[in-house]
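Accompanying notes for the structure given below.
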Amino acid sequence: MEQAPERVPYSLWQLVRYFLRLGTLGFGGPVALVGYMQRDLVEQRAWIDEADYKEGLALAQLCPGPLAAQLAMYLGYVRYRILGATLVGLAFIWP
């Protein structure tokens, strides 16, 4: 028996808008921005589950480069794959 696909609690547009706002107004450096993502997306909005967040954070810490931007792109990739990662990455670093 097949399971119904999991309903995503947020649209790609909502995620892109969130990261555009965070990239524009966020301050405190990458570690602070990562904390904002955890608070907003995992705890308050429940858009991302804790396991996906921790996996993304671990992968972002392993790779060289800006931690917050890599985590943002991973979170876009989790539900919306390449398009999500691309749009979220552009929205986050554009400002």
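The values are calculated or read from the model by the stated rules, or taken from the named source; none is laboratory data. The structure displayed is predicted, hence computed values, not measured ones. Glycine gets a Cβ as well: all are built from the backbone with ideal geometry, and neighbour counts include every protein chain shown.
Would you call Val16 assigned to a helix (DSSP H, G or I), out of contact with any strand residue (DSSP E or B) (no Cβ under 7 Å at 6 or more places or on another chain) and not basic (Lys, Arg)? Against the criterion (assigned to a helix (DSSP H, G or I), out of contact with any strand residue (DSSP E or B) (no Cβ under 7 Å at 6 or more places or on another chain) and not basic (Lys, Arg)), Val16 qualifies.
The lone criterion from (1) surrounded by fewer than 17 Cβ atoms within 10 Å (Cβ to Cβ); (2) out of contact with any Lys or Arg (no Cβ under 9 Å at 6 or more places or on another chain) left unmet by Leu12 is number (2).
Checked against (1) surrounded by fewer than 12 Cβ atoms within 10 Å (Cβ to Cβ); (2) assigned to a loop (DSSP other than H, G, I, E, B); (3) modelled with pLDDT of 95 or more; (4) not β-branched (Val, Ile, Thr), Trp47 passes all but condition (1).
Set side by side, the residues Leu22, Leu71 differ, and just one is part of a helix (DSSP H, G or I), in contact (Cβ under 8 Å) with a residue 60 or more places away in the chain and of a type in the set (A, V, I, L, M), which is Leu22.
Look through region 50-71, keep the residues that are of a type in the set (A, V, I, L, M, F, W, C) and closer than 18 Å to Gly84 by Cα, and return whichever of them is surrounded by the fewest Cβ atoms within 10 Å (Cβ to Cβ). The selected residue is Leu59.
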